[in-house]
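Below is one structure, written out as structure tokens, with a few remarks after it.
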């Protein structure tokens, strides 16, 4: 009986998370278009629905009805699996995310590690998509994505380790509980490193060299269309929300805050971070590939190590 | 024989997936499919770890193998196989080697069959704490030496791919 | 637990078969990693048999994962170096040395 | 920590490894000679510390690291080996422009071997083995100007990882059946699965020891890797592996069980097979490689005997053989730097062209053959004596016959050097065949060691204690 319940619970959670990510993607794309428009003194989509609110819905219908094009010489299996392998881990990473106080699909005792490990599967999907397209631009995009992802994963993990050292737990829920002072105050270096590396792992500007339009068309998703193409966007926007929510959990004290209920605070902080990510994208110029690597290895990695040292100092002071 | 618990069913499901993935990875003529099957194998093994109450090891497996080694393999494949995936046929010695491999496997199985193993114990409570204490307590020297190992591997890989200084 | 040993011995045999028969060097590395993973699974399973609090098997498995990753990284670096010189990763065609 | 002085040899190696990163530019610049001399001085200090430790023992970090007689002995051999190699490169040598990389990898591997020799549990054993092996992949493939070195490196890698995987599987079975990772394992009654594990461990080690039928990497590696690397591989990792193998086998009842015939098979197959194949080689390095396989076989006799004399003998064997092999490869290095060919017949008339070099080579070859009063003899004597004590006299007889047969191919080199006329062409000149003082010094040191061990073998036996 309990086994059946566990199974159904898991299934229901899967459905909920999947629709959540789908909803985020649709919403964020609209928000991003509006935000970018304001930054560039435009007004963005206005024609579909009131204030253009239904624009993404229309786009989704269009994408679903589009022809699914596959290059003749593409590797069929890898081409089909690539987008899936990119999007599914992004959805999976939501499992350990507390969405507000106490709302979490599953509080794993290794939640933080889970959140760091599972999205790393998605880079396999990116590389495969790039390779399988049988197209030079896609191929370059895939290679760039892999190199970038592997490089930025190291400072990212190290910046999170600092939090784990201070909190003394790997459970996302416990970290929110023990966080009396937001860790962004105690570990500012780690917070900044985490944010920068998260942007890089999502392949968003200014770190979007794997899909740099002016250089390699659209990178690894050059050859994709229709639903498969939209899966990449699900991964990006789902990941963007997840990274922001995770930053809220780790560095901003989760749902802690005066007056408003925890739930509201959590969403406020997360959405503010999402806005910051969009702001950064539309403000900063793109990095060059070598600058990107130099930043990761010469700038962020030492910073993350300093943060780790700082974490031990904090631990010493707190105890 | 009681009804198998869901964990047992899952365990054998993952075991079958691991063996199937390994078999496909080893025999497939398409390298990219080999690598994909290897990824499935790694994930299935991580699932086994999870069911064996080793969550930390399971995630490290995903982190290191799927997020690292698998990507490196794709990298190596992409850089060393220009154009379409070339079918990679098997060598000539397959039957003899097959018999040897099966012999080794069968010998271990027979030995396992005749060896009574201790009863499986309940996983320790607070096992993450225990793991941390083991890593920085009894096995601290292993923990430190892994650093030396990683350093050695980095230097080795860099020297191996360095350019020619003619 | 005997069942685990059955599974891992099967994996070990599969990996050994692949390592000895595959001609592409990347496929050989895959086979070798399968063998190492078989041993890792053993270690984690045996950790449940003997004083689980000590976590010896899991520590050993973590160590083995690190070793496996190092071996793979170094091996793939060697494969790339060979490819640059021989233009192939087919072990049967890399045969300037007398065996 | 109490008894930390026992770890000084290892700590010096660690310090050298760490210092190598910032110091590598010095090794590759004008101050190269000074920098190398400083490294050599540190190694001498470590050596002195190691010798002063003889007779003491200790355990560290919950028995992870064990320092005892065989550890100190293995450290001694490894340090001497590295020291001689460093000295031989004082005035140049192959790849002197990349001295920093070369030395760093060599020191890392030596550190790994030192850790391996002092492994107190299975984890450290495995880790030490890997730290020893991984840097050698790059060392074997160090010659960028030679395509074949990468081929040898790749093939060496494949076989080595295969051995590692089998070894790890074997170790997991040992842990699973005994419930402990400490060395020596607590065997109790034993079980089929434990024995299967032990056999897999032995298979894994036999790759690393390069004994038949797992020797395939050896000739290729010896043929194309830098001579310094070949001499290191022939001795360093092996002596450490034997030290830890002795500790592992100590847990098992002596002289019975399925691994004894396995060890005897390995010993006999390596001796006979190695010698037979050595006969057919025209290339000096390949000949040395196959003879190294045979020498591995002799050492395994000591392990198969299963008694204290045997395990001491196996350790002693690699040290006694090691000085000869080290010397032979130094000569190979001199010949290579002098632009000589790699074939045995290229050595024709060496006695007239470079008399002292030929004389040194003669000492090394005589030691490798096992003629009394040279170090190799005592190595052979100790393992054969152990076999006789363990009622395996026939094994000693096979060994003796093989040593006699080895006279054939070693003698061929001697004949070329002394009897044949030199072919005109480029080659080594001068008494030593080299103008490098460092190399001359290294050769003298190795000759002295060969003679000293030959005349007073008790020195070495005392260290093992």
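The values are calculated or read from the model by the stated rules, or taken from the named source; none is laboratory data. On a predicted model such as this, the values are computed, not experimentally measured, just so you know. In this analysis, Cβ positions are derived from the backbone assuming ideal geometry, glycine residues included, and neighbour counts consider all displayed protein chains.
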Residue set C:77, C:73; condition surrounded by fewer than 24 Cβ atoms within 10 Å (Cβ to Cβ), touching a helix residue (DSSP H, G or I) at 6+ places or on another chain (Cβ under 9 Å) and closer than 21 Å to residue D:141 by Cβ; output residue C:73
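Need a quick list: helices (runs of 4 or more DSSP H) entirely within segment D:152-253 having at least 1 residues that are out of contact with any helix residue (DSSP H, G or I) (no Cβ under 8 Å at 6 or more places or on another chain) and more than 8 Å from chain C (Cβ to nearest Cβ).
none
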Of those in segment C:33-90 that are at positive phi and more than 7 Å from every other protein chain (Cβ to nearest Cβ), the residue nearest to the chain's Cα centre (by Cα) is C:87
(Q) Residue under question is residue A:155, and the condition is that it be at pLDDT 85 or above, more than 14 Å from every other protein chain (Cβ to nearest Cβ) and closer than 27 Å to residue A:287 by Cβ; does it hold? (A) yes
From the option list D:378, D:385, D:432, single residue qualifying as part of a loop (DSSP other than H, G, I, E, B) and in contact (Cβ under 8 Å) with a residue 40 or more places away in the chain is D:432
* In this structure, does residue B:131 turn out to be facing chain C (nearest Cβ under 9 Å) and more than 26 Å from residue C:2 (Cβ to Cβ)? -> no
Among the residues of segment D:65-80, is any in contact (Cβ under 8 Å) with a residue 24 or more places away in the chain and either loosely packed, with under 15 Cβ neighbours inside 10 Å or more than 30 Å from residue D:185 (Cβ to Cβ) (or both)? yes
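Using the structure shown, decide if residue D:243 is modelled with pLDDT of 85 or more and under 13 Å from residue D:314 (Cβ atoms).
Against the criterion (modelled with pLDDT of 85 or more and under 13 Å from residue D:314 (Cβ atoms)), residue D:243 qualifies.
Rundown of residues vs (1) within 26 Å of residue C:43 (Cα to Cα); (2) within 14 Å of chain B (Cβ to nearest Cβ); (3) modelled with pLDDT under 90, yes/no style:
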{"site": "D:28", "(1), (2), (3)": "no, yes, yes"}
{"site": "D:51", "(1), (2), (3)": "no, no, yes"}
{"site": "D:68", "(1), (2), (3)": "no, no, yes"}
{"site": "D:108", "(1), (2), (3)": "no, yes, no"}
{"site": "D:136", "(1), (2), (3)": "no, yes, no"}
When segment D:254-267 is checked residue by residue, the ones that are surrounded by 15 or more Cβ atoms within 10 Å (Cβ to Cβ) and not in a helix (DSSP H, G or I) are D:254, D:257
Original post:
Does segment D:113-122 include one or more residues that are assigned to a strand (DSSP E or B) and either within 11 Å of chain B (Cβ to nearest Cβ) or crowded, with 24+ Cβ neighbours inside 10 Å (or both)?
Top reply: yes
In segment D:282-291, anything farther than 16 Å from residue D:400 by Cα and part of a helix (DSSP H, G or I) is listed as D:284, D:285, D:286, D:287, D:288, D:289, D:290
Residues of segment B:80-118 being out of contact with any helix residue (DSSP H, G or I) (no Cβ under 6 Å at 6 or more places or on another chain), surrounded by 13 or more Cβ atoms within 10 Å (Cβ to Cβ) and modelled with pLDDT under 75, in sequence order, are B:81, B:86, B:89
If we ask which residues in segment B:112-128 are more than 10 Å from chain D (Cβ to nearest Cβ) and assigned to a helix (DSSP H, G or I), their number turns out to be 2
The condition of being modelled with pLDDT of 80 or more and closer than 28 Å to residue A:134 by Cα holds, among A:89, A:71, only for A:89
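Please specify each residue of segment D:138-148 satisfying the condition of being buried (at least 24 other Cβ atoms within 10 Å of the Cβ) and either more than 10 Å from chain B (Cβ to nearest Cβ) or in contact (Cβ under 8 Å) with a residue 60 or more places away in the chain (or both).
Residues of segment D:138-148 that are buried (at least 24 other Cβ atoms within 10 Å of the Cβ), as a first pass: D:138-142.
Listed by number, the residues that qualify are D:139, D:140, D:141, D:142.
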Per the list (1) surrounded by 21 or more Cβ atoms within 10 Å (Cβ to Cβ); (2) in contact with a strand residue (DSSP E or B) (Cβ under 6 Å, 6 or more places away or on another chain), residue check on residue D:342 breaks on (1)
* Restricting attention to segment A:35-46, does a residue exist that is crowded, with 16+ Cβ neighbours inside 10 Å and either part of a loop (DSSP other than H, G, I, E, B) or at positive phi (or both)? -> yes
Across (1) under 16 Å from the mean Cα position of the chain (by Cα); (2) farther than 22 Å from residue B:130 by Cβ; (3) surrounded by fewer than 24 Cβ atoms within 10 Å (Cβ to Cβ), residue C:28 clears everything bar (3)
May I ask you to verify whether residue A:179 is surrounded by fewer than 22 Cβ atoms within 10 Å (Cβ to Cβ) and either farther than 18 Å from residue A:235 by Cα or within 12 Å of chain B (Cβ to nearest Cβ) (or both)?
yes
**Study point:** Test result for residue A:238, surrounded by 23 or more Cβ atoms within 10 Å (Cβ to Cβ) and outside any helix (DSSP H, G or I)
**Key:** no
So the helices (runs of 4 or more DSSP H) completely within segment A:58-175 holding 1 or more residues that are touching a helix residue (DSSP H, G or I) at 6+ places or on another chain (Cβ under 8 Å) and surrounded by fewer than 19 Cβ atoms within 10 Å (Cβ to Cβ) are A:76-92, A:136-167
